[in-house]
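The values are calculated or read from the model by the stated rules, or taken from the named source; none is laboratory data. Keep in mind that this is a model prediction, so the values were computed, not measured. All Cβ positions, even for glycine, are placed from backbone atoms using ideal geometry, and neighbour counts span all protein chains on display.
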């Protein structure tokens, strides 16, 4: 691990710790409104000020960080599991099954990622409770974010399909499911880790985009995307530059994830 | 070529029918608010119900959609009350122009910075270049759009800001790998000029993946165009897709998916074809 990667890892751990201990640091619940002080500047009671509805910005930032940083890895895990199952099964079985899986992958890759999410999100109810909107947003990303990983995993599985250890396992009467779980999956584990890791920043950014467009996490539940919607009011941003903190934190976390990602040599 | 065109058209249709299936089974499909409006007469409500009944089953919906498509009729937008064909004809050039200009700027900037980095090879330049592109990569495209609104920058500039870091990172690593090839080292040892080395020995190796990147960059640019056009209030296809999603406009969603899928497939096929031509020519 390079020094830069160590710094990024420490930063990520610190942010994760702050997120876990959010309830200790927050000055007020994230949805509580201080109606007499909307758009207030930083003060002892509200270190980052308040938003247009008088809600404490620090509380919303800490809880929003919790929502984004807990659910993005969850969605990433789901998409990696789907990609691992589909990709390794397609690579191992080959033939028509592989062709169908790859054709489906090509088809979904033909549509831009955000457009695909937008189309699917449009099919689901928009007027839902905030907690349901969080689940919908991240579940949708997890269920639709497997395409590029499938291609990589399928190609890697194809590479080991005719290897000696698989031939030996087949000759001893090993069932396909056992072959997949006991022999193929352990050999592709580094690839799964990388796919999992690279999906996290992608999902964090996608959630931000969806929430800014009004199709992600619904108010009053905070998330990084929701907090960034405040940027539309540029005069309030100019009056209180601390409103930039959510953006700085988002950029920092995404950069840290990109830096911590193990290099290609390590994963091979 | 004909086979490829047929494949593109059928994949586009599959995508459109897939989105139609999703819409058909979406909660709330077929609920018509106008039926509750007391100003509508019983005959009008009956006519509305009859119209919905025609598209009730999925097979029936597909049949109506495909037969209308064969006649060049893409239906009418439920929310905008205008023919979808007219909407697409108006908005496609806006997005197309923004994407082409945005891609042009992004490719030019990425190529320039990547080649400058290769020629100087100083760690400070490389570090600052990497940090700059990482910073841009970490910005959601919707935030770039909001910054464009505040700075009154045109839509294509915002698109190029989103596309540039992805191109720069890939282009840089590709050129570094190409320059580290043994035949490039041999060419250097023979005393060839840097221009000759680039045109004769580096570009033929790097061109096919760069052309493949063109297809990918097109998809990235269109993906970025959705939040950018929506937030910058630019009347393009991205804004139309966003509007269709928010208003759950069935004919609009199906046809926008069809058009987007076709455009993406054509762009990828062209990039693929160009890559093969380059490989064929270099061999």
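Looking at segment B:208-228, which of its residues are facing another protein chain (nearest Cβ under 7 Å) and more than 28 Å from residue B:274 (Cα to Cα)? Outline the logic, then answer.
Our first condition is that a residue be facing another protein chain (nearest Cβ under 7 Å); within segment B:208-228, this holds for B:219, B:222-223, B:226-227.
B:227 - this is the single residue of segment B:208-228 that is facing another protein chain (nearest Cβ under 7 Å) and more than 28 Å from residue B:274 (Cα to Cα).
So if I check each of A:102, A:85, which one is at pLDDT 90 or above and either touching a helix residue (DSSP H, G or I) at 6+ places or on another chain (Cβ under 6 Å) or over 19 Å from residue A:250 (Cβ atoms) (or both)?
Working: A:102 fails: at pLDDT 90 or above.
Answer to the check: A:85.
Taking residue B:79 and the conditions (1) more than 12 Å from every other protein chain (Cβ to nearest Cβ); (2) modelled with pLDDT of 75 or more, which numbered condition does it fall short on, given that it satisfies the others?
The one condition residue B:79 does not meet is (1).
Any idea which residue in segment B:134-151 is nearest to the other protein chains (Cβ to nearest Cβ), counting only those that are under 15 Å from residue A:257 (Cβ atoms) and more than 19 Å from the chain's Cα centre (by Cα)?
Taking segment B:134-151 and keeping what is under 15 Å from residue A:257 (Cβ atoms), we get B:134-135, B:137-140.
Now restrict to residues that are more than 19 Å from the chain's Cα centre (by Cα): B:134-135, B:138.
Details: B:134: 5, B:135: 7, B:138: 4 Å.
So, considering only residues that are under 15 Å from residue A:257 (Cβ atoms) and more than 19 Å from the chain's Cα centre (by Cα), the one nearest to the other protein chains (Cβ to nearest Cβ) is B:138.
What number of residues within segment B:75-97 are in contact (Cβ under 8 Å) with a residue 12 or more places away in the chain, under 15 Å from residue B:243 (Cα atoms) and in a loop (DSSP other than H, G, I, E, B)?
4
Given A:127, A:162, which one is more than 12 Å from every other protein chain (Cβ to nearest Cβ), modelled with pLDDT under 90 and outside any helix (DSSP H, G or I)? Step through it out loud before you land on a result.
On the way: A:127 fails: more than 12 Å from every other protein chain (Cβ to nearest Cβ).
Sole residue among the options that is more than 12 Å from every other protein chain (Cβ to nearest Cβ), modelled with pLDDT under 90 and outside any helix (DSSP H, G or I): A:162.
Run down B:171, B:146 and say which single residue is farther than 27 Å from residue B:267 by Cα, buried (at least 18 other Cβ atoms within 10 Å of the Cβ) and in contact (Cβ under 8 Å) with a residue 60 or more places away in the chain. Explain how you work it out, then say what you get.
On the way: B:171 fails: farther than 27 Å from residue B:267 by Cα.
Only one candidate qualifies: B:146.
Suppose we filter B:131, B:158, B:148 for residues that are more than 30 Å from residue B:236 (Cα to Cα) and in a helix (DSSP H, G or I); which single one remains?
B:131
Considering each residue of segment B:260-283, count those that are more than 14 Å from residue B:17 (Cβ to Cβ) and within 12 Å of the chain's Cα centre (by Cα), and give that number.
Taking segment B:260-283 and keeping what is more than 14 Å from residue B:17 (Cβ to Cβ), we get B:260, B:263-283.
Now narrow it down to the ones that are within 12 Å of the chain's Cα centre (by Cα): B:260, B:263-268.
Result for segment B:260-283: 7.
In this structure, is residue A:245 away from every other protein chain (no Cβ under 11 Å), in a helix (DSSP H, G or I), in contact with a helix residue (DSSP H, G or I) (Cβ under 8 Å, 6 or more places away or on another chain) and modelled with pLDDT of 90 or more? Reasoning before the result, please.
Working: away from every other protein chain (no Cβ under 11 Å): yes; in a helix (DSSP H, G or I): yes; in contact with a helix residue (DSSP H, G or I) (Cβ under 8 Å, 6 or more places away or on another chain): yes; modelled with pLDDT of 90 or more: yes.
Taking the combined requirement at face value, the residue satisfies it.
Quick check on this structure: which one of B:231, B:250 is within 12 Å of chain A (Cβ to nearest Cβ), more than 20 Å from the chain's Cα centre (by Cα) and in contact (Cβ under 8 Å) with a residue 12 or more places away in the chain?
Numbers: B:231 fails: more than 20 Å from the chain's Cα centre (by Cα).
Exactly one residue qualifies, and that residue is B:250.
Would you confirm, using the coordinates I've provided, whether residue A:107 is within 12 Å of chain B (Cβ to nearest Cβ), in a helix (DSSP H, G or I), in contact with a helix residue (DSSP H, G or I) (Cβ under 8 Å, 6 or more places away or on another chain) and buried (at least 18 other Cβ atoms within 10 Å of the Cβ)? Before you say what the answer is, go through the steps one by one.
Numbers: within 12 Å of chain B (Cβ to nearest Cβ): yes; in a helix (DSSP H, G or I): yes; in contact with a helix residue (DSSP H, G or I) (Cβ under 8 Å, 6 or more places away or on another chain): yes; buried (at least 18 other Cβ atoms within 10 Å of the Cβ): no.
So residue A:107 does not fit the description; no.
Among residues belonging to segment A:19-45 that are surrounded by 15 or more Cβ atoms within 10 Å (Cβ to Cβ) and touching a helix residue (DSSP H, G or I) at 6+ places or on another chain (Cβ under 7 Å), point out the one that is nearest to residue B:131 (Cα to Cα).
Filtering first and then ranking leaves A:19.
I'm trying to understand the selection: among the residues of segment A:1-34, which are more than 23 Å from residue A:231 (Cβ to Cβ) and more than 24 Å from the chain's Cα centre (by Cα)?
Matches in segment A:1-34: A:2, A:3, A:24, A:25, A:29.
Can you say whether residue B:118 is in contact (Cβ under 8 Å) with a residue 60 or more places away in the chain, over 27 Å from residue A:244 (Cβ atoms) and not in a loop (DSSP other than H, G, I, E, B), as far as the supplied structure shows? Lay out the reasoning, then the answer.
Details: in contact (Cβ under 8 Å) with a residue 60 or more places away in the chain: yes; over 27 Å from residue A:244 (Cβ atoms): yes; not in a loop (DSSP other than H, G, I, E, B): yes.
Yes: the conditions hold for residue B:118.
Only residues that are more than 28 Å from residue B:102 (Cβ to Cβ) and either within 14 Å of chain A (Cβ to nearest Cβ) or out of contact with any helix residue (DSSP H, G or I) (no Cβ under 7 Å at 6 or more places or on another chain) (or both): list them for segment B:161-184, please.
Matches in segment B:161-184: B:180, B:182.
Surrounded by 12 or more Cβ atoms within 10 Å (Cβ to Cβ), more than 14 Å from chain A (Cβ to nearest Cβ) and at pLDDT 70 or above: is that true of residue B:3 in this structure?
Working: surrounded by 12 or more Cβ atoms within 10 Å (Cβ to Cβ): no; more than 14 Å from chain A (Cβ to nearest Cβ): yes; at pLDDT 70 or above: yes.
It is false that residue B:3 is surrounded by 12 or more Cβ atoms within 10 Å (Cβ to Cβ), more than 14 Å from chain A (Cβ to nearest Cβ) and at pLDDT 70 or above.
Checking residue A:208 against (1) in contact with a strand residue (DSSP E or B) (Cβ under 8 Å, 6 or more places away or on another chain); (2) within 21 Å of residue A:118 (Cβ to Cβ): exactly one of these is not met. Which one?
(1)
Filter segment B:98-107 for residues that are farther than 13 Å from residue B:161 by Cβ and without any contact (Cβ under 8 Å) to a residue 60 or more places away in the chain and give the result.
Selection gives B:100, B:104.
Kindly indicate which of A:201, A:222 is modelled with pLDDT of 85 or more and either at the interface with chain B (Cβ under 10 Å from one of its Cβ atoms) or assigned to a helix (DSSP H, G or I) (or both).
On the way: A:222 fails: either at the interface with chain B (Cβ under 10 Å from one of its Cβ atoms) or assigned to a helix (DSSP H, G or I) (or both).
None of the other options fit; the residue is A:201.
From the list B:158, B:241, which residue is over 30 Å from residue B:20 (Cα atoms), crowded, with 24+ Cβ neighbours inside 10 Å, touching a residue at least 12 places away in the same chain (Cβ under 8 Å) and within 14 Å of another protein chain (Cβ to nearest Cβ)?
On the way: B:241 fails: over 30 Å from residue B:20 (Cα atoms).
Going through B:158, B:241 in turn, the sole match is B:158.
Sort out for me the helices (runs of 4 or more DSSP H) sitting completely within segment B:185-283 that have 1 or more residues that are out of contact with any helix residue (DSSP H, G or I) (no Cβ under 6 Å at 6 or more places or on another chain) and farther than 30 Å from residue B:86 by Cα. Talk me through it step by step, then tell me what you get.
Values: elements: B:203-232, B:237-247, B:250-282.
The qualifying helices (runs of 4 or more DSSP H) are B:203-232, B:250-282.
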